[in-house]
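Enquirer: The structure that follows is given in the form of structure tokens.
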Amino acid sequence: MILLAKNVNKTVNKLKDSNSGMVNRRRDKDYIRKVIRISPSYIVICDFLDFYTGYKGKSKFDFYNNLFNYSLKKISSDINYKFKKTPTSEYGITRSFFLNKKTYNLLHSTYKKSLGLYKKLYDDYLSLGNFTELILYIYINDNIEKKILDVFKFDFGVKKIG
């Protein structure tokens with residue numbers, strides 16, 4: 001039986017007959033998977049963004065990487081951007097985002113700075129999930145057409161103050 005198993009393995013895994021070239025492994029090389037727990041209403045928003053990405057004919061991985069980049073740079077450059085998370089606490093659902101190394105590092109450094117600032121301003125803890133919700137909120141309000149947003153009427157929970 002062992003001899004048969006070796007022969008089957010050699011036959012099945014012949015390199016010249018392999019379909020591994022058909023598998024797109026780009027994401028494994030260029031992106032880091034970041035799993036973040038966000039509120040259920042933001043899972044719905046992410047589902048909308050997945051649809052919107054396909055509608056625009058873009059790669060989902062590039063789209064979310066650009067989304068995070070856009071919002072993180074806006075948060076970093078606009079010190080007057082004040083926000084308050086929703087007072088109701090919801091148990092979050094995990095969501096994966098694929099970010100390149102530069103965006104991944106920018107996310108963590110900006111989050112650390114925002115965490116301290118939020119604690120100082122509001123005497124409250126800002127979770128990475130709440131921070132991600134703010135990132136999505138900023139991008140959507142600046143980049144998605146108002147007529148599309150009016151149709152869906154999302155409840156963001158994160159509000160801009162002032």
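Enquirer: Which of the residues that make up region 120-140 are open to solvent by 30 Å² or more (accessible area, probe 1.4 Å) and among the acidic types (D, E)?
Expert: D123, D124
Enquirer: Another question, if that's okay. Return the residue satisfying two criteria in turn: it lies in region 46-58 and is open to solvent by less than 10 Å² (accessible area, probe 1.4 Å) and out of contact with any helix residue (DSSP H, G or I) (no Cβ under 6 Å at 6 or more places or on another chain), and of such residues it is nearest to Y91 (Cα to Cα). Outline the logic, then answer.
Expert: Of the residues in region 46-58, the ones open to solvent by less than 10 Å² (accessible area, probe 1.4 Å) are 46, 49, 53.
Keeping just the survivors that are out of contact with any helix residue (DSSP H, G or I) (no Cβ under 6 Å at 6 or more places or on another chain) gives 46, 49.
On the way: C46: 17, L49: 21 Å.
In this case the residue turns out to be C46.
Enquirer: Pairs needed: first member in region 91-112, farther than 16 Å from K29 by Cα; second member anywhere, hydroxyl-bearing (S, T, Y); C-beta distance under 6 Å; at least 6 residues apart or different chains.
Expert: Between residues of region 91-112 that are farther than 16 Å from K29 by Cα and residues that are hydroxyl-bearing (S, T, Y), the close pairs are G92/S39; T110/S76.
Enquirer: In addition: Would you call N24 farther than 22 Å from I140 by Cα and modelled with pLDDT under 55?
Expert: Values: farther than 22 Å from I140 by Cα: yes; modelled with pLDDT under 55: yes.
Considered against the rule, which asks whether it is farther than 22 Å from I140 by Cα and modelled with pLDDT under 55, N24 comes out as yes.
Enquirer: Within region 98-119, work out how many residues are surrounded by 13 or more Cβ atoms within 10 Å (Cβ to Cβ) and more than 27 Å from D62 (Cα to Cα).
Expert: 2
The values are calculated or read from the model by the stated rules, or taken from the named source; none is laboratory data. Since the model is a prediction, treat every value here as computed from it, not as a measurement. Positions of Cβ are backbone-derived with ideal geometry, glycine not excepted, and every protein chain shown enters the neighbour counts. Areas reflect the complete protein model, heavy atoms only, side chains present, ligands, DNA and RNA absent. Shrake-Rupley method; radii C 1.70, N 1.55, O 1.52, S 1.80 Å.
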